[in-house]
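Read-outs: derived from the displayed coordinates by stated rules, not from any lab. Given the structure is predicted, the values throughout are model-derived calculations rather than measurements. Methodologically, a virtual Cβ is constructed for each residue, glycine included, from the backbone with ideal geometry; neighbour enumeration extends over all protein chains shown.
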Amino acid sequence: MNRLLLVAALLSSCTRLTPQVTTVDGARVELVTAGPDTPAVVFEAGLGSDWSVWDEAAAQVARSARVFAYSRPGYGQSGPATTPRDPLHIVEELRALLTAQGLAPPYVLVGHSFGGTYMELFAKAHPNEVRAVVLVEPRHRDSTRECEAEGLAGCTMSASFVKTLPRVQQEELTGFALASEQLRSAGDFGGVPVRVLTATSHGESEAWERLWRSTHSALAAEATDGEQRILEGSHNLEVERAGDIARLVVELISEPDR
């Protein structure tokens with residue numbers, strides 16, 4: 001069993017929150033809500049993951065704040081994707097889902113990998129709806145282009161591997177090509193606090209690791225209240241460092257003027 005499957009198996013055997021499956025605008029959605037009625041903390045998973053990768057972090061945050069996590073269309077028990085899988089469509093569908101669940105802004109947005117990019121777009125396109133942002137190992141909009149420009153290995157998944165992925169993942173990979181344009185059109189973070197969490201090791205070359213850290217540093221620098229934090233671990237910090245992420249979220253909520 002590879003590492004990702006092992007993590008998924010462990011999570012499925014020790015779920016801390018109880019998901020529900022509901023219907024929103026005719027679509028089946030798997031979601032979790034828990035915690036007191038304080039500003040909602042919204043969790044967005046990365047490519048290939050359903051809501052459960054956030055289970056431990058969300059359960060810890062739910063002791064202090066309202067949490068919301070869900071499985072995007074095509075993942076978990078949610079229905080199949082029927083709309084384009086580019087970042088903008090995903091963000092707007094999430095906003096509609098939050099409204100349907102009666103969760104009003106401003107939100108604390110927490111996203112991992114591709115989910116981090118989706119939360120970045122949410123925050124930049126709708127800064128008045130956002131209280132703070134935590135980007136966990138986000139996929140920078142220009143990371144592939146910059147990686148290829150430096151002639152590095154490991155910039156993208158091979159075409160043969162992509163063909164083995166479920167259709168929704170292939171569609172999200174294709175849709176991600178629009179991320180750079182959509183983010184530039186959206187604007188900037190404004191005064192929204194942004195924390196970018198970067199792992200120490202991804203099993204790639206030193207040059208690749210330096211580039212990954214630098215793209216995260218640049219992303220944090222886009223915010224007037226931005227900070228990059230380096231955490232020991234791999235790309236799967238949302239699982240490996242769930243407690244640290246939860247504490248950071250609570251810290252942001254607790255700070256004055258948040």
How much length, in nm to one decimal, is gained on full extension between Glu251 and Asp188, taken as 0.36 nm per residue of separation minus their Cα-Cα distance? 20.4 nm
Suppose R0 equals 22 Å. What FRET efficiency, 1/(1 + (r/R0)^6) with r the Cβ-Cβ distance, do Glu181 and Ser217 give to the nearest 0.05? 0.45
Extended-chain gain in nm, criterion 0.36 nm per residue less alpha-carbon gap, Ala96 and Ala27: 23.6 nm
Provide the percentage of antiparallel DSSP beta bridges, counting only those with both residues in the chain; round to the nearest 5. 30 percent
Using alpha-carbon pairs under 8 Å, 6+ residues apart, how would you state the relative contact order of the range 125-258 in percent? 31 percent
Multiplying the sequence separation of Gln170 and Gln77 by 0.36 nm and subtracting their Cα-Cα distance, what value in nm do you get? 31.6 nm
Listing Met157, Met119 from the residue with the fewest other Cβ atoms within 10 Å to the one with the most, what is the order? Met157, Met119
Normalised contact order of the range 3-254, rounded percent, pairs of Cα under 8 Å and 6 or more residues apart: 19 percent
Let's test this: bin the Cα-Cα distances of the range 3-254 at 10 Å from zero up to the farthest pair and state each bin's percent. 7, 33, 40, 18, 2
Within a 10 angstrom radius of the beta carbon, how do Phe68, Phe189 rank from fewest other beta carbons to most? Phe189, Phe68
Could you let me know the centre-to-centre spacing of the range 195-237 and the range 136-167, using Cα atoms, in angstrom? 16 Å
Sequence-distant or interchain residues sharing an amide H contact under 5 Å with Gly79, placed H: which? Arg28, Val29, Glu30, Gly74
Could you give the dipole magnitude of the chain about its Cα centre, charging the beta-carbon of Lys and Arg +1 and that of Asp and Glu -1, in debye to the nearest 20? 440 debye
Ordering of 16-24, 38-46 by burial proxy (mean other Cβ atoms within 10 Å per residue, highest first): 38-46, 16-24
Report the charge-dipole magnitude of the range 186-241 in Debye, nearest 20, computed about the Cα centre from +1 at each Lys and Arg Cβ and -1 at each Asp and Glu Cβ. 60 debye
